[in-house]
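Below: the structure, in structure tokens.
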Amino acid sequence: MFEGVMTALVTPFRGGQIDEPALRALVERQIDAGIDGLVPCGSTGESATLSHDEHDRVIEIVVEAAAGRVPVVAGTGSNNTEEAIRLTRHAKEAGVSGALLISPYYNKPTQAGLVAHYEAIARACELPLIVYNIPGRTASNILPETLAQLAQLEYVVGVKESCGDLDQIAHVVTRCSDDFTVLSGDDALTLPLLSVGGDGVISTSANVAPAEMLELVRAFRSGDAARALAVHQRLMPLFDALFCETNPIPVKAALALLGLVDDEIRLPLTAISQPNRDALQVVLKELGLA
């Protein structure tokens with residue numbers, strides 16, 4: 001259902017508040033580039049430090065700005081199942097096409113608990129859901145056999161895989177039906193994921209280089225693996241630079257260097273170090289982005 005390149009949008013701030021004009025401008029920039037979808041309020045969108053009112057408002061802004069031109073898949077996950085249901089219901093009311101739900105963090109549920117969590121949300125919300133597996137942030141890993149169970153649930157339509165294990169991802173692709181979408185959550189693993197049967201990426205780097213990420217994915221999916229590899233190799237320095245510190249510190253710094261947002265990030269995250277900022281600026285210039 002959701003394929004290609006979807007951008008995990010940053011949330012721009014100004015003076016401690018959501019910078020609504022900047023967020024709307026980011027949406028326009030993405031749509032002008034031809035992006036396949038937008039994902040507000042994920043890890044890249046600093047959802048962990050948004051109040052519930054801010055979280056709701058960011059989704060509303062992105063839906064309004066996109067105006068039906070591309071799908072909006074809102075991050076609505078929580079380690080509290082009832083809270084995830086509330087967030088997802090609001091996103092549905094706001095007009096999203098689907099929701100991205102990080103697996104419950106800190107609680108460390110069993111595999112059976114993970115299935116029950118997503119089943120409860122799907123049943124309560126009746127909205128297409130993408131599971132988000134990122135063990136490095138949640139301390140629990142959704143195993144391929146569990147994802148195969150989840151893929152059988154009505155409304156669970158795909159997974160964003162950030163486990164970092166290509167063998168595990170290949171088993172997910174093999175175990176799940178063809179209509180279950182498998183998306184990369186790691187930009188540098190987009191091409192390898194496509195090569196084992198994945199469907200695209202929810203990308204941090206697309207905030208900075210949407211056209212380039214689209215070129216990579218579309219080249220591979222059109223059968224031009226050599227061109228896709230060349231784009232992947234050209235973008236590797238950008239991938240390295242955008243993940244040199246905790247996401248979204250570097251990508252926000254990059255967008256600030258491009259003059260698109262204020263260089264403002266919320267505690268406990270802090271501004272990028274000066275050496276990494278300098279290195280990031282060099283990469284942007286070498287790729288012709290700045």
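Here, each number is a calculation from the coordinates, and none is a lab measurement. Keep in mind it's a predicted model, so treat the numbers as computed, not measured. No Cβ is skipped: glycine too gets one built from the backbone with ideal geometry, and neighbour counts run over all protein chains shown.
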Q: Quick one, could you list the DSSP H helices from the chain stretching 15 Å or more along their long axis (Cα atoms) with average Kyte-Doolittle hydropathy of -0.5 or above?
A: 20-33, 52-66, 111-125, 210-221, 225-242
Q: Based on other C-beta atoms within 10 Å, arrange Ser195, Ser162, Ser177, Ser103 from fewest to most.
A: Ser177, Ser195, Ser162, Ser103
Q. Among Met236, Met6, what is the fewest-to-most ranking by other Cβ atoms within 10 Å?
A. Met236, Met6
Q) Taking neighbour Cβ counts within 10 Å as the exposure measure, how do Thr204, Thr174, Thr11 sort from fewest upward? A) Thr174, Thr204, Thr11
Q | Residue-count net charge about Glu126 - beta-carbon cut-off 13 Å; Lys, Arg +1, Asp, Glu -1 | A | 0
Q) Do the sum for the chain: with -39,500 (n - 2.57) for every DSSP H run of n ≥ 4, divided by all residues, what is the mean residue ellipticity at 222 nm, to the nearest 500 deg cm²/dmol? A) -14500 deg cm²/dmol
**Q.** Inverse mean reciprocal Cα-Cα distance (Kirkwood Rh) of region 134-212, Å
**A.** 12.8 Å
Q) Can you pull out the GluC sites (Glu not before Pro) in region 8-75 that DSSP calls coil and that have at most 10 other Cβ atoms within 10 Å? A) none
Q. Projected area of region 6-50, taken from the Cα convex hull and averaged over every viewing direction, in nm²?
A. 2.9 nm²
**Q.** Counted charge near Lys252, where neighbours are those whose Cβ lies closer than 14 Å (Asp, Glu -1; Lys, Arg +1)
**A.** -3
(Q) Rounded to whole Å, give me the distance from the Cα center of region 155-178 to that of region 89-104. (A) 20 Å
Q. If you project the alpha carbons of region 4-221 onto their three principal axes, what span does each projection cover, largest first, in Å?
A. 43, 41, 27
Q: Using only Cα atoms, locate the centre of region 247-283 and the centre of region 190-241, then give the distance between them in Å, rounded to an integer.
A: 22 Å
